[in-house]
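The values are calculated or read from the model by the stated rules, or taken from the named source; none is laboratory data. From a predicted model like this one, the values you see are computed outputs, not experimental measurements. Glycine gets a Cβ as well: all are built from the backbone with ideal geometry, and neighbour counts include every protein chain shown.
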Amino acid sequence: VQWTANGLPVCTQASHQYYPTITSDGSGGAIITWYEDRIGNQDIYAQRINSSGATQWTTAADGGLPVCTNTSRQDDPTITFDGSGGAIITWFDSRAGNNDIYAQRINSSGTTLWTTAAEGGLPVCTLTSTQFTPDISSDGSGGAIITWSDARNSAFYDVYAQRINGSGVAQWEADGIAISTVGGKATYPVITGDASGGIIAWQDSRNVSSDIYASKASPDGALPVELVSFTGQLNENSVNLFWQTATEVNNYGFEVERGIRQKTIGNSAWEKIGFVQGNGNSNSPKEYRFTDNTTTSGLYAYRLKQLDNDGTFKYSETIEVLVSQIPNDFSLNQNYPNPFNPSTTISYDIPKMSFVKISVNDILGKEIKTLVNEQNNSGHYEIIFDAKELAAGIYYYTISAGEFKQSRKMILLK
């Protein structure tokens, strides 16, 4: 401990002080902000301390300097260094009857630069919906990037952000840009930023349970293409692909790629099977669809190759869809591998709903195992026969389905 045991006082006003946050002053000290109720409602105050822990703006008893003393209630201030010995502070504010986002800059002497404390800072987002829990980070150029939770799109919350320059002028579109608008499930955003933009993370319950997501905004407020869902659905003998984006920047479009999952060699080479035009730039959700009509039976893998206008690209996660076309005839296919040890795959086709029995017999015709004995819908089926308990030799497997009956020979090696 370099100052004193148990700490030095920063504010000892008789009122209550809450929720302090802190940033460096660039000279070995710090600037601290908090909210308190010294004049009957919650206001924002700040204090600077030097590297020795001495208060620089007022005494601890005087309680720091006011940042916002508007007659409304202010909550949850957060703070970042402005690069010039001062700081930029943001909070949410109920002066308009709902929670909005405000900000104020103070210099190294504690003087407010954008408005007086009584005037209460500059508005960052004042939509009639609710905004709350802001966080802030320096933009590396004397300004700041501010992010918050926002209910403008639903009764729940999305994540928005705004960049403010050193003069208090908004640099991005009015009331902020959308960072995440997936179903109103994003809360408690946090940010780190610099001259290359800001990275924002938040708590997200789009998948029912709470997860953590993150996104990056460039210095001009541009967001990458945020793909939030990608699914495939079998429709008779075709595959319908659906995907949705939350935001898009310079999105030229999506190449749809397909690979077939082979049982012995893994995925085949990816092939382009189509292209879907993107929406360029968008801060709202966009939905896309593509139908693959060229499929035969098999397990197919799909992915999206998202292309920017400048030619850069990024692949999506891979999804798989099992395509099982309705066969024209009953059939029992040769097992593979054959010969085998100790297991092999047996496949068969059923063109209409039937009661199916598949049994294994030895060379004398004695049934030694029943593999299938149930009603099957039309389709292609595969089963695995494990013969580890049998002796090496020749065996036969037989299918009975209605009036159809067929047998094939297989060889077990040991």
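Tell me yes or no: at least one residue of region 96-104 is more than 23 Å from residue 143 (Cα to Cα) and either assigned to a strand (DSSP E or B) or not assigned by the TED database to the domain that holds residue 166 (or both). Within region 96-104, not a single residue is more than 23 Å from residue 143 (Cα to Cα) and either assigned to a strand (DSSP E or B) or not assigned by the TED database to the domain that holds residue 166 (or both). Residues of region 9-21 that are closer than 13 Å to residue 49 by Cα and surrounded by fewer than 16 Cβ atoms within 10 Å (Cβ to Cβ): 9 alone.
One line per residue, one yes/no per condition, for (1) at pLDDT 85 or above; (2) touching a strand residue (DSSP E or B) at 6+ places or on another chain (Cβ under 7 Å); (3) of a type outside the set (Ser, Thr, Tyr):
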site: 132; (1), (2), (3): yes, yes, yes
site: 146; (1), (2), (3): yes, yes, yes
site: 150; (1), (2), (3): yes, yes, yes
site: 173; (1), (2), (3): yes, no, yes
site: 190; (1), (2), (3): yes, yes, yes
site: 208; (1), (2), (3): no, no, yes
site: 220; (1), (2), (3): no, no, yes
site: 225; (1), (2), (3): no, yes, yes
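When region 105-114 is examined, which residues are found to be more than 36 Å from the chain's Cα centre (by Cα) and assigned to a loop (DSSP other than H, G, I, E, B)? Steps first, please.
First pass over region 105-114, keeping only residues more than 36 Å from the chain's Cα centre (by Cα): 107-113.
Once the filter is applied, which keeps residues that are more than 36 Å from the chain's Cα centre (by Cα) and assigned to a loop (DSSP other than H, G, I, E, B), region 105-114 yields 107, 108, 109, 110, 111, 113.
Take the conditions (1) more than 20 Å from residue 156 (Cβ to Cβ); (2) under 12 Å from the mean Cα position of the chain (by Cα); (3) buried (at least 16 other Cβ atoms within 10 Å of the Cβ); residue 198 misses just one of them, which is (2). Of 76, 100, 93, 82, all but one fail to be in contact with a Leu (Cβ under 8 Å, 6 or more places away or on another chain) and of a type outside the set (Phe, Trp, Tyr); the exception is 100. No other residue among 83, 53, 40 is surrounded by fewer than 21 Cβ atoms within 10 Å (Cβ to Cβ), under 14 Å from residue 144 (Cα atoms) and assigned by the TED database to the domain that holds residue 169 apart from 83.
Given 395, 381, which one is over 49 Å from the mean Cα position of the chain (by Cα) and surrounded by 13 or more Cβ atoms within 10 Å (Cβ to Cβ)? The conditions single out 395. Residue 137 - would you say it is surrounded by fewer than 20 Cβ atoms within 10 Å (Cβ to Cβ), touching a residue at least 40 places away in the same chain (Cβ under 8 Å) and either touching a strand residue (DSSP E or B) at 6+ places or on another chain (Cβ under 6 Å) or not basic (Lys, Arg) (or both)? No; evaluated as a whole, the condition is false for this residue. Looking at 43, 82, 76, 62, just one residue is out of contact with any Phe, Trp or Tyr (no Cβ under 9 Å at 6 or more places or on another chain), acidic (Asp, Glu) and within 27 Å of residue 188 (Cβ to Cβ), and that residue is 82. Among the residues of region 347-367, those identified as modelled with pLDDT under 95, assigned to a strand (DSSP E or B) and not charged (D, E, K, R) are 347, 348, 350, 354. In the set 208, 190, which member is closer than 27 Å to residue 86 by Cβ and of a type in the set (A, V, I, L, M)? After ruling out the rest, the residue left standing is 190.
Give me the residue from region 312-346 that is assigned to a loop (DSSP other than H, G, I, E, B) and touching a Phe, Trp or Tyr at 6+ places or on another chain (Cβ under 8 Å) and, out of that set, surrounded by the most Cβ atoms within 10 Å (Cβ to Cβ). That would be 335. Just one of the numbered conditions (1) at positive phi; (2) touching a residue at least 60 places away in the same chain (Cβ under 8 Å) is not true of residue 40: (2).
When region 286-301 is filtered for residues that are modelled with pLDDT of 85 or more and either of a type outside the set (Ser, Thr, Tyr) or crowded, with 17+ Cβ neighbours inside 10 Å (or both), the ones remaining, listed by number, are 286, 287, 288, 289, 290, 292, 293, 300, 301. Restricting attention to region 201-223, the residues that are surrounded by fewer than 18 Cβ atoms within 10 Å (Cβ to Cβ) and outside any strand (DSSP E or B) add up to 4. When region 236-248 is limited to residues that are part of a strand (DSSP E or B) and more than 16 Å from residue 316 (Cα to Cα), the one that is modelled with the lowest pLDDT turns out to be 238.
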